[in-house]
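Student: Just dropping this structure here.
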Amino acid sequence: MTDEARDIDLLRIELGVIWRLDERGRLPGPEDMVIGVAAGGLTAAVARDVPDDLAERLLSLITPATPAHRTSPPRRPSWRTAGRCWAASA
């Protein structure tokens, strides 16, 4: 096993720092969801007021393996960008 940090691990740390995730890994708001994209995969966080069952379902849709040809999420004008993370609000 290697001690090198993977890009997805670093992105998870970055996501926690930028959006100040709470003890459950949830966003304080106003964003409903944040998605981070790295060569090693995707990571995401949802708002603290999203019901647990919905949060679990949303995160399960985001975190599976990403096709190798996909390098970034589609750009949408309503998304705010910070580094390699995209945030969406309702």
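FYI, it's all coordinate maths here, none of it is from the lab. Just so it is clear, the model here is predicted, and its values are computed rather than measured. Here the Cβ positions follow ideal geometry from the backbone for every residue, glycine too, while neighbour counts run over all protein chains shown.
Student: Would you mind getting me the FRET efficiency between Asp49 and Asp7? Use the beta-carbon distance for r and R0 = 30 Å, nearest 0.05.
Tutor: My answer for the efficiency is 0.50.
Student: Let me ask you something else. Which whole-Hz ³J(HN,Hα) couplings does segment 34-39 yield from phi under the Karplus relation 6.51 cos²θ - 1.76 cosθ + 1.60, θ = phi - 60°, glycine and proline marked x?
Tutor: 10, 10, x, 10, 9, 4
Student: Output ³J(HN,Hα) for segment 7-15: one whole-Hz value per residue in order, computed from phi by the Karplus curve 6.51 cos²θ - 1.76 cosθ + 1.60 with θ = phi - 60°, and x for Gly and Pro.
Tutor: With coefficients 6.51, -1.76 and 1.60, one gets 4, 5, 5, 5, 5, 4, 5, 4, 4 Hz.
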